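Chemist: Handing you this structure, nothing more for now.
A short reminder: the numbers here are calculations on the coordinates, not readings from a lab. All figures in this text were calculated on a predicted structure; none of them were measured in a lab. For neighbour counting, all protein chains shown are included, and Cβ atoms are generated from backbone atoms with ideal geometry for every residue, glycine included.
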Amino acid sequence: MPIYITQGRYTREAIKGMLVKPEDRALEVSRALGKVGGKLIGYYVTFGDYDFRAIAEAPDNVQMAAVLLSAGAGGGVTDLRTTVA
């Protein structure tokens, strides 16, 4: 399966929510990938221009795009940038 590296930022609303109710975002990312037959390899909170980086496997670009569009539509993340490794 192809490997994808995604970087992104949390929205201000998402950050406020995480402060009130901290949770492991990697679990949600893993679940979303699992729905399309993918797998989360690593999830990291980062400093700098992006707030997080995820490394994942997905069956193909279409399935990965579905996960990314779903994540973006949720309103918690923005500025997603994905590279095929």
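Chemist: Give the distance, in whole Å, between the Cα centre of segment 5-21 and the Cα centre of segment 26-85.
Modeler: 13 Å
Chemist: Using helices alone, what [θ] at 222 nm do you get for the chain, with -39,500 (n - 2.57) per DSSP H run of 4 or more residues, divided over all residues and rounded to the nearest 500?
Modeler: Estimated from H runs of four or more residues: -12000 deg cm²/dmol.
Chemist: Also: I need the per residue convex hull volume for the chain, using only the alpha carbons, in cubic angstrom as a whole number.
Modeler: So the per-residue hull volume is 85 Å³.
Chemist: Arranged from highest to lowest average of other beta-carbon atoms within 10 Å per residue, in what order do the peptides 43-52, 2-11 appear?
Modeler: Highest-to-lowest ranking by the protection proxy: 2-11, 43-52.
Chemist: Once both labels are modelled 7 Å past Cα along the beta-carbon direction, what's the Ile5-Tyr44 spacing in nm?
Modeler: Inter-label distance under the simple model: 0.9 nm.
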